[in-house]
Structure formats: structure tokens, C-alpha cells
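Below is one structure, written out as C-alpha cells; comments come after it.
The values are calculated or read from the model by the stated rules, or taken from the named source; none is laboratory data. Source: prediction; values computed, not measured. Here the Cβ is made from the backbone with ideal geometry for all residues, glycine too, and neighbour counts use every protein chain on show.
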Amino acid sequence: MSATQVPPDVIKLIDRRRRSFLWSGNKESSAAKCLVAWTNVCTTKVLGGLGIRDLGTQNICLLLNLIHRLHCAHSSAWAAWIRQRADIANMRCDNLGHHWVLLRSLLPLYQAITTVQIEDGCTTLFWTDVWNGDDALADRFPRLYSHCTRKDDTVQQAIASNLQGAFVNRLSPHAHQELQLLIGLIQQTTLSALPDKRLSPFSRSPDKLDTSTIYKLLKARGQPNDPASTFIWKNAAPPRVELFIWLLSKGRIQCRSNQFRKRVVDSPNCLVCGAPDESPEHIIFNCPIAVQFWNALGCRHLKTTIQIICIVFRSYPIALKNSTVPLSLYAAGNCGKEGTVSYSGTSTRA
Ligand SMILES: [Zn+2]
């Protein structure tokens, strides 16, 4: 995965096996056993998912690291071999195959997470790399860029030609103004004989990126954090209980209303009290035995929806959060799983 782009069909096949193993422990499983959509399972925990790795995104992160090494690993023999055969600034090369074309498609993303400390200007694209200020010149001078006919020029080529012949014959008034500003910027730029230096806020070492942080950034895509994630995952409960609380927060535990929707059972009725809809809320809060359970714990006001349960528990003492609640939910979880309800030492077959 760190050397080539994995075909989407291969990722789909691997994900099918991973999904089956997660929900059934087997190589194959039916859709009815999958309690949560795979895209949500592969979302990070802070965003409300289960935190299973998204292979496609992970593949992209590892390939970004590969591109970074091509730019920065000056002592690497294989990187030097590539640099002799390809223009590393725009990653153009005619004979490195389909894999190289796929790798080149990630260049805009790589440019977005790196800046360049300009030296000789030979491996830096004039318009789309960030080498002067905080943004690319294509973004700073958009009208002039739209008139440009040599968008793949390096900084060295642009400065050597002083941008002569780089634009269409007639510029708009706005583009002409931007050209004057750009010429002034070029005149202030001095090149050296050293190679350009790539920098990134995600650098772990000079030639390695922190792919874990990039992965979280790509997965987040501006989404807000799930306020329940801290309660679900940052406690002393064992992983099995955390998984149950996560399913509960999604309303996807194996209650009869969910099973009825998937045509696993004939009726959504609660087999304990006969209520017409055995929803997650009913099992945890409203079934008479559940009510007695919470009352015994002194939590009478917990008759609320599962979606806000985590917010309610925030106001509870740490000791309660870390022990009683997960254990109580674990007990409730076993009710749904085993088909039995345990309370005060008694067990009732549901
Ligand atoms: Zn009931």
C-alpha cells in the first residue's frame, strides 16, 4: 500500500472480509448481521465511528509519504533513480507506467500539505507550489493564471525567462495589474545552487510525513467531533462494553424493532412486558425491569433518549462514569444478546 495505489475492487474485496469478520467472526456474513454501515465503521472515533482503518484513505496517505521521499530523500538510491527519469517538480514522465500516472494524480494534494524553501527552484512549480508567502501564486493571481500558457514551469524556468512568452497575447486589465505585481515579486527572488527544501507541518523527520495525522485530517473533512465519543471511548470499561455503548449511541443494538426491520423476527413486540415496539430506548430506559434497574441505582431521571445519554452522564461523578454506567449498560447489553434479563440476582427468560 505504500508503493502503489490499491485498485478499488481489491479494497472492496478486503473490506467484505473485514466487515464479515467484525460482525460475525466468519469469512462471509449476511447484510442482516451488519449493524452499522461500513462507512460509519471506518469513521474515526472522535467523529462518531468505530475507528476501523479506511484502506483507500490509508493508501493515499502512504503514497503521499512516497512522493515526499522522492522530493526529500537525497541519499536514497531509488529516489535518485526516479529523479533521473522524471521531472520531479511536475512528476511528468513518459515511460514509468500506469502506476506513475496514479501517483502523479496525488500531486495537488501533496502540494496542499507542503511548502518549499526556495533554493535553485528546479523542483518547485512556479504557480501551484507554495514557495512565496502562505499561498500558491495561482491562488494569489487567479486572473493572470487563467491567461498563462506555461502552467508547469518551475520557479527556475519562470525566473530565467522573466515570464516572457508565458501568457496569451492580450491580457485583461486585471491580469495586467497582477502581472506587474508578479514581476516585482520575481525581481526580489534570488536563487542559489542548493536543492529546494520541502517543508510540511506533517513532517516526522526530514524525509518522512506523519501519515497518521494526515489520515485523521483527510477523514475529518471539516466534520464536527461527536460529543459522545469521549464518554464512549475514554473510560475504564472493557472494549466489549465500549463497543456495546457505541452501538447503543447509534440505536443499532440487537433489539427486536431492529431485528423486525431486517425481517429476522416476526414482531417488534417486547417479549418481557408486551410493549408494541422494543426499541433501544425501551430496553435501556422504559421496560419495567429497566426502570427498576435504574431506580435501584438512584438514576430515576434517566428516562431520556439514547442520543443524549452521553451528554447527561457528563454531569455524573467520574467514579459513576467509569464504573457503574458502563457496567449497567453492559448488563443491559447482555439482556439483548442473551435474551435474558438479570436484575437483583434473578434471571427471566425473555
Ligand atoms: Zn419491555
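Ala193 - would you say it is outside the structural domain of Arg53 (by TED's automatic domain parsing), surrounded by 16 or more Cβ atoms within 10 Å (Cβ to Cβ) and either of a type in the set (A, V, I, L, M, F, W, C) or free of Cβ contacts under 8 Å to residues at least 12 places away in the same chain (or both)?
Numbers: outside the structural domain of Arg53 (by TED's automatic domain parsing): yes; surrounded by 16 or more Cβ atoms within 10 Å (Cβ to Cβ): no; either of a type in the set (A, V, I, L, M, F, W, C) or free of Cβ contacts under 8 Å to residues at least 12 places away in the same chain (or both): yes.
For Ala193, the condition - outside the structural domain of Arg53 (by TED's automatic domain parsing), surrounded by 16 or more Cβ atoms within 10 Å (Cβ to Cβ) and either of a type in the set (A, V, I, L, M, F, W, C) or free of Cβ contacts under 8 Å to residues at least 12 places away in the same chain (or both) - is not met.
Would you be able to say whether some residue in the stretch 213-233 is among the polar types (S, T, N, Q), farther than 22 Å from Val116 by Cα and not in a loop (DSSP other than H, G, I, E, B)?
Within the stretch 213-233, the subset among the polar types (S, T, N, Q) is 213, 223, 225, 229-230.
Checking which are farther than 22 Å from Val116 by Cα leaves us with 223, 225, 229-230.
Among the residues that remain, those that are also not in a loop (DSSP other than H, G, I, E, B) are: 229-230.
Yes - at least one qualifying residue is present in the stretch 213-233.
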Open item on the list: With at positive phi and more than 10 Å from the ligand (Cβ to nearest atom) as the only criterion, which of Arg252, Arg263 stands out?
Closed with: Arg263
Task: Which listed residue is at pLDDT 90 or above, more than 30 Å from His71 (Cα to Cα) and charged (D, E, K, R), from Asp266, Asp210 - done: Asp266
Task: Criterion violated by Arg240 - all others in (1) part of a helix (DSSP H, G or I); (2) crowded, with 16+ Cβ neighbours inside 10 Å satisfied - done: (2)
Task: All positions within the stretch 243-273 that are within 22 Å of Gly49 (Cβ to Cβ) and not in a helix (DSSP H, G or I) - done: Gly251, Arg252, Ile253, Gln254, Cys255, Lys262
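Find the residue count for the stretch 267-277, including only residues that are within 6 Å of the ligand (Cβ to nearest atom) and either within 40 Å of the chain's Cα centre (by Cα) or without any contact (Cβ under 8 Å) to a residue 24 or more places away in the chain (or both). Step through it out loud before you land on a result.
Of the stretch 267-277, the ones within 6 Å of the ligand (Cβ to nearest atom) are 270, 272-273, 275.
Pick out the ones that are also either within 40 Å of the chain's Cα centre (by Cα) or without any contact (Cβ under 8 Å) to a residue 24 or more places away in the chain (or both) and you get 270, 273, 275.
So the count comes out to 3.
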Task: Boolean, Arg300 is modelled with pLDDT under 85, of a type outside the set (Ser, Thr, Tyr) and either more than 16 Å from the ligand (Cβ to nearest atom) or outside the structural domain of Ala37 (by TED's automatic domain parsing) (or both) - done: yes
Open item on the list: Among the residues in the stretch 197-206, are any closer than 18 Å to Gly48 by Cα, of a type outside the set (S, T, N, Q) and not in a loop (DSSP other than H, G, I, E, B)?
Closed with: no
